[in-house]
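Laboratory data are not the source of any read-out in this text; all were calculated from the coordinates shown. Note that this is a predicted model, so its numbers are computed, not measured. Using ideal geometry, Cβ is built from the backbone for each residue, glycine included, and neighbour counts are taken over all protein chains shown.
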Amino acid sequence: MEDQSLVLEPKVVAFCCTYCAYTAADLAGAMRLEYPPNVRVVQILCTGKVEVQWLLRAFEQGADAVYVAGCALGDCHFLEGNLQALRTVGYAKRLLAEVGLEPERLEFFHIPASAGLQFAERARQMTERARQLGPNPLRINRGLLEERKIALPPDPHPPLPPAQLGRIIRDQQNG
């Protein structure tokens, strides 16, 4: 029997446009629809603003799956933002394949504002897909590095002492 403490819950990041997918996520909450709590929703103005770097950074930071959710085709509030997002996601999938991550870890969904049920279903779908694909290798390697506690070189710019401006001014006036 597999030890449950060793099973990692997948981390899923959802980039959602304000006018459709984020509204659908809000509706799913209002309808008390359940979807996995490990889905982190990031609200963005329009999916057309999603950058490839954001998607890759999510994986680099340990996400097991990422999806972009926006307006239906022909229904984008910014005319062609979702078309741009489709191209961005496609390009990011090719980059993931080049670095050895499964492109299936990244997806684009069209979710209208009135589709709270569809939002919850897509969140479950991506979480299940992440479970089937297994943990993100970058997340595992990062965990091993943190576990070994690799000694880092000293910071050339150490943090400043805590601000105590009032006390410093008084000490200067008294001195």
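Looking only at segment 90-107, count every residue that is touching a strand residue (DSSP E or B) at 6+ places or on another chain (Cβ under 7 Å) and surrounded by fewer than 22 Cβ atoms within 10 Å (Cβ to Cβ) and tell me the total.
Of the residues in segment 90-107, the ones touching a strand residue (DSSP E or B) at 6+ places or on another chain (Cβ under 7 Å) are 92-93, 96, 105-107.
Filter once more, so that each one left must be surrounded by fewer than 22 Cβ atoms within 10 Å (Cβ to Cβ): 93, 96, 107.
Matching residues across segment 90-107 total 3.
Checked across segment 111-130, the condition of being part of a strand (DSSP E or B) and more than 16 Å from GLN43 (Cα to Cα) holds for no residue.
Within segment 27-83, the set of residues being exposed (fewer than 13 other Cβ atoms within 10 Å of the Cβ), in a loop (DSSP other than H, G, I, E, B), touching a residue at least 40 places away in the same chain (Cβ under 8 Å) and among the hydrophobic types (A, V, I, L, M, F, W, C) comprises MET31 only.
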